[in-house]
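J.: Right, I'll just put the structure down here and ask away after.
The values are calculated or read from the model by the stated rules, or taken from the named source; none is laboratory data. The shown structure was predicted, so the numbers you read here are calculated from the model rather than taken from an experiment. Cβ: placed from backbone, ideal geometry, glycine included. Neighbour counts: every protein chain shown. Ligands, DNA and RNA are excluded from the accessible area calculation, which covers all protein heavy atoms including side chains. Shrake-Rupley method; radii C 1.70, N 1.55, O 1.52, S 1.80 Å.
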Amino acid sequence: MRKRITAALMGLLIMVVVLVWILPFFELISASFKSPADFFSASFLPEHPTLANFDEIFADPKTGIMLRNSLIVVTITTIVSVLLGTLSGYALARLGLSPWVIGGVVFVLLFFRFYPRIAMVIPFFVMMRDWGLFDTPLAVVLGHLSITIPFATWLMLIAFRGLPAEIDEAGAIDGASMPRRFLHLTLPMATSSMATAAVLTAVLSWNEFLIAQSLTRSSNPVLSTGVASFITDAGVKYGSMAALSLVICIPIVVFALVMQRHYVAGMTMGAVKG
């Protein structure tokens with residue numbers, strides 16, 4: 001009887017947590033179909049549902065530019081981060097470096113992963129302006145790489161350290177070089193962890209706002225900064241803001257669902273532990 005009560009309470013707690021998590025998303029869906037007159041009503045559902053908010057954002061040519069720029073930024077950021085993170089993680093895990101060196105590198109990785117982004121806005125702004133890259137997708141890519149490469153390296157270091165070193169040792173005894181051991185022995189076992197790093201990196205880059213906002217203007221905005229463009233001198237267009245926010249969710253959710261099987265496998269391998 002006691003176990004049943006405990007299970008029921010746990011089930012209720014899980015339902016409450018799930019409800020708290022998904023309620024804002026349903027509020028976003030509802031808001032995207034509300035007219036300006038309905039927006040401040042007490043009703044959760046729109047009293048006069050309308051597609052005008054979606055018509056406005058899709059009629060704006062800037063939406064296409066923002067989508068193009070966001071896809072460019074996320075694609076390049078994800079590929080470069082996973083590639084360099086995988087190589088760096090393997091080198092740290094398999095080169096036999098001193099524990100002090102590895103500890104120092106991990107400290108640096110964690111520092112660059114968790115330091116306040118606002119502290120780097122001005123340096124990035126000055127560098128991109130001096131390099132002639134300001135207000136370009138490449139500037140946002142470089143800004144995001146400063147976050148995602150340390151993150152991917154940290155994940156892949158944990159993943160490679162979780163794989164048995166005896167496989168590399170057996171390959172070395174058979175005469176295989178380090179690149180051959182990496183490509184043919186270790187890398188195939190780390191594909192799920194790479195998928196995990198790719199999903200988390202893509203989500204991080206897709207949702208990032210502060211760096212993108214500081215390095216772009218009206219010529220080359222991305223979707224995350226485009227939401228803020230509905231805050232105008234004439235007021236805030238809440239409906240259009242909600243509609244664009246909903247559209248932003250679709251590509252990254254589809255990507256996460258496509259990668260779900262590998263992502264879950266990577267998590268169970270310990271890619272996100274530590």
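J.: Connecting C-alpha atoms closer than 10 Å in a GNM of the chain, tell me which of 22, 118, 231 has the biggest fluctuation.
T.: 22
J.: Could I have the simple spin-label model distance between residue 249 and residue 183, label points 7 Å from Cα toward Cβ, reported in nm to one decimal?
T.: 4.4 nm
J.: Of the heavy-atom accessible surface of the chain (probe 1.4 angstrom), what whole percent is carbon and sulfur?
T.: Result for the chain: 73 percent of the exposed heavy-atom area is carbon or sulfur.
J.: Enumerate the helices in the chain for which the Kyte-Doolittle hydropathy averages -0.5 or more and the C-alpha atoms extend at least 18 Å along the helix's axis, using complete DSSP H runs.
T.: Flagged H segments are 2-32, 61-94, 99-114, 137-161, 191-207, 238-258.
J.: Separate question: First select every other residue whose beta carbon is under 14 angstrom from the beta carbon of residue 65; then total the charges, Lys and Arg +1, Asp and Glu -1.
T.: Residues close to residue 65 contribute a combined charge of +1.
J.: Treating only the Cβ of Lys, Arg, Asp and Glu as charged (+1, +1, -1, -1), what charge dipole size does the chain show about its Cα centre? Round to the nearest 20 debye.
T.: It works out to roughly 740 debye.
J.: Kirkwood hydrodynamic radius for the chain: how many Å is it when counted over pairs of different Cα atoms?
T.: About 21.5 Å for the chain.
J.: Per residue, how much accessible surface does the range 94-149 expose to a 1.4 Å probe? Answer in Å², no decimals.
T.: The answer is 58 Å² per residue.
J.: Once you have the Cα-Cα distance between residue 58 and residue 119, take 0.36 nm times their residue separation minus that, and quote the gain in nm to one decimal.
T.: 18.5 nm
J.: Turning to a different aspect of this structure: About the Cα centre of the range 9-166, how large is the charge dipole given +1 on each Lys and Arg Cβ and -1 on each Asp and Glu Cβ? Please answer in debye to the nearest 20.
T.: Approximately 660 debye in magnitude.
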